[in-house]
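Structure record follows, encoded as structure tokens.
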Amino acid sequence: MNRADLETYLGNMQGAERTYPFGPDPLVFKVMGKMFAYVSNNEGVDIVTIKCIPFDGALLAENYEAITPGYHMSKKHWITIALTGEIPDDMLSDLVDKSYELVVSKLTKANREKLLQQQPSE
């Protein structure tokens, strides 16, 4: 999956917002004001940083060269994936979905209910 495809995928998630809180780069994706992913470029390589379960993140980083502890984030709760093609598209989309789900699970009940009432992004 290339950067443009990934940004489209992220932007189409229920209630996803595209923001630039740190300037023109990175593009940060939030749900109900909470970040679940950001897409950037690090030394000429497009990357995505997403939330993960600590055990899963450590295991992924051990087994894939393209996955490292979160770049500029908590290295325990975030991973960075280089979009080099090493990670299959279905695995990447699954990891992104899990990041989104982790963030949504921590929202207040009221915000989860608001999210369910929103129309999917187009």
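Things to note:
- Of the residues making up the range 39-96, those that are surrounded by fewer than 16 Cβ atoms within 10 Å (Cβ to Cβ), among the polar types (S, T, N, Q), modelled with pLDDT of 90 or more and over 17 Å from Thr8 (Cα atoms) are Asn63, Thr84.
- Any hit, the range 57-68, residues being assigned to a strand (DSSP E or B) and not basic (Lys, Arg): yes
- The residue pairs whose first member lies in the range 28-47 and is free of Cβ contacts under 8 Å to residues at least 12 places away in the same chain, whose second member is of a type outside the set (D, E, K, R), and whose beta carbons are closer than 8 Å, counting only pairs six or more residues apart or on different chains, are Val28/Thr19; Val28/Tyr20; Val28/Pro21; Val28/Phe22; Val28/Met35; Val28/Ala37; Val28/Tyr38.
- Restricting the range 98-109 to residues that are within 16 Å of Met13 (Cα to Cα) and free of Cβ contacts under 8 Å to residues at least 24 places away in the same chain, the residue that is surrounded by the most Cβ atoms within 10 Å (Cβ to Cβ) is Glu101.
- Flag for Glu17 being over 16 Å from Leu95 (Cα atoms) and charged (D, E, K, R): yes
- For the range 40-47, the condition of being part of a loop (DSSP other than H, G, I, E, B) and among the acidic types (Asp, Glu) holds for at least one residue.
- Within the range 70-84, tally of residues that are over 10 Å from the mean Cα position of the chain (by Cα) and within 15 Å of Val96 (Cα to Cα): 4
- Residue that is nearest to Lys109 (Cα to Cα), among those in the range 18-33 that are under 13 Å from the mean Cα position of the chain (by Cα) and surrounded by 15 or more Cβ atoms within 10 Å (Cβ to Cβ): Val31
The values are calculated or read from the model by the stated rules, or taken from the named source; none is laboratory data. It should be emphasised that the depicted structure is a prediction, and the values quoted were computed from it without experimental measurement. All Cβ positions, glycine included, derive from the backbone under ideal geometry; neighbour counts span all protein chains shown.
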